[in-house]
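S.K.: Could you have a look at this structure, given as structure tokens, before my questions?
The values are calculated or read from the model by the stated rules, or taken from the named source; none is laboratory data. As the structure is a computational prediction, the values presented were derived from the model and not from experiment. Positions of Cβ are backbone-derived with ideal geometry, glycine not excepted, and every protein chain shown enters the neighbour counts.
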Amino acid sequence: AATIIDGKARALRLRAEVARGVEALRAETGRAPGLAVVLVGEDPASAVYVRSKGKATREAGMNSVERRLPAETDTATLLALVAALNADPAIDGILVQLPLPAHVDAAAVLLAIDPDKDVDGFHPVNAGRLATGMPGFVPCTPLGCVMLLRDVHAHLAGLDAVVVGRSNIVGKPMAQLLLAESCTVTVAHSRTRDLFARVREADIVVAAVGIPGMIRGDWIKPGATVIDVGINRTDSGLVGDVDFASAAAVAGAITPVPGGVGPMTIACLLSNTLDSARRRAPVGLIAAGPIGASA
Ligand code: NAD
């Protein structure tokens, strides 16, 4: 039976490490990192995410700045707020909680965020940096997945990886990160033919689809590592994109849902924010590490 990858414990370790880094930065510069979260409207799920991000930020010793705006806020007002946060030296990271109301030009708002404060890593400049191997911000969910994979595999180079899903926030950056680890990467998606056969050949399977239990045990190569990004609400509770019971019988290691990838996402957000503050610290004071170095 597979090793169950404990993302919750791993995330707690990362958060403790970030908290120590925050304390060290504060001791040297007199300033704690600041993360601004912008929430427009009353979407209940978004409100929950924003609350938990704020709590985790404060627990890591950082300043959390929450800007809540009414649902009718227009694009110009949001652009002005983003410009003010870009210019604010107390702010190291800016998150705009998605989805934005339909009347807002979401692409314009995301493009307006200073790429060097874009701790979500969604700005095209950061996507380009990731694709070309330059330091930047990597989207938190795939960054967390790679950390979990590094714990399982001392050497990722040369392994066959299949990423199922090609979204800008999970699938594509996940594929780039695995490529940077020298895996041989296949990106599968809704138009892929014979998905089963491709998954079946992979040493590493990352599922980011949004279809409950789609990938089953008989798809998995014996001993493979399975990272389940999916979070699907069903009548029987939260489930992933992988059918856990059948996959765990075949895999070498597998993430549960919940308690796998999910907790790593917020921990990586905190880690990105600390990295941003380090890069912004006066030159020579703090040596800024490369992407994900704090793990
Ligand atoms: P998305 O809807 O943007 O993308 C889904 C992808 O799956 C698409 O690229 C599509 O081509 C592919 N797909 C759809 N049907 C398919 C099929 N039948 N076969 C193969 N591929 C298919 O979703 P997303 O934002 O990338 O999120 C994916 C899942 O991950 C969702 O369940 C989401 O809730 C979850 N998620 C979890 C976290 C986390 O922190 N754990 C973060 C982000 C997203």
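S.K.: Of the conditions (1) in contact with a Pro (Cβ under 6 Å, 6 or more places away or on another chain); (2) in a loop (DSSP other than H, G, I, E, B); (3) among the small types (Gly, Ala, Ser), ALA11 satisfies every one except a single condition; which number is it?
M.R.: Just one mismatch for ALA11, condition (2).
S.K.: Considering only the stretch 114-125, I want to know if a residue exists there that is part of a loop (DSSP other than H, G, I, E, B), surrounded by 14 or more Cβ atoms within 10 Å (Cβ to Cβ) and either in contact with an Asp or Glu (Cβ under 7 Å, 6 or more places away or on another chain) or of a type in the set (Gly, Ala, Ser) (or both).
M.R.: For the stretch 114-125, residues part of a loop (DSSP other than H, G, I, E, B), surrounded by 14 or more Cβ atoms within 10 Å (Cβ to Cβ) and either in contact with an Asp or Glu (Cβ under 7 Å, 6 or more places away or on another chain) or of a type in the set (Gly, Ala, Ser) (or both): present.
S.K.: Working only within the stretch 68-84, note down all residues that are out of contact with any Asp or Glu (no Cβ under 7 Å at 6 or more places or on another chain) and either surrounded by fewer than 18 Cβ atoms within 10 Å (Cβ to Cβ) or modelled with pLDDT under 95 (or both).
M.R.: Within the stretch 68-84, ARG68, LEU69, PRO70, GLU72, ASP74, ALA76, THR77, LEU79, ALA80, ALA83, ALA84 meet the criteria.
S.K.: Sticking with this structure for a sec: Residue by residue through the stretch 127-166, note down the ones that are more than 25 Å from GLY240 (Cβ to Cβ) and crowded, with 24+ Cβ neighbours inside 10 Å.
M.R.: Within the stretch 127-166, PHE137 is the sole residue that qualifies.
S.K.: What helices (runs of 4 or more DSSP H), lying completely within the stretch 194-281, carry at least 1 residues that are more than 14 Å from the ligand (Cβ to nearest atom) and closer than 26 Å to ALA19 by Cβ?
M.R.: 261-280
S.K.: Which of the following residues is of a type in the set (D, E, K, R) and under 16 Å from LEU156 (Cβ atoms): ASP228, ASP235, ASP203, ASP194?
M.R.: ASP203
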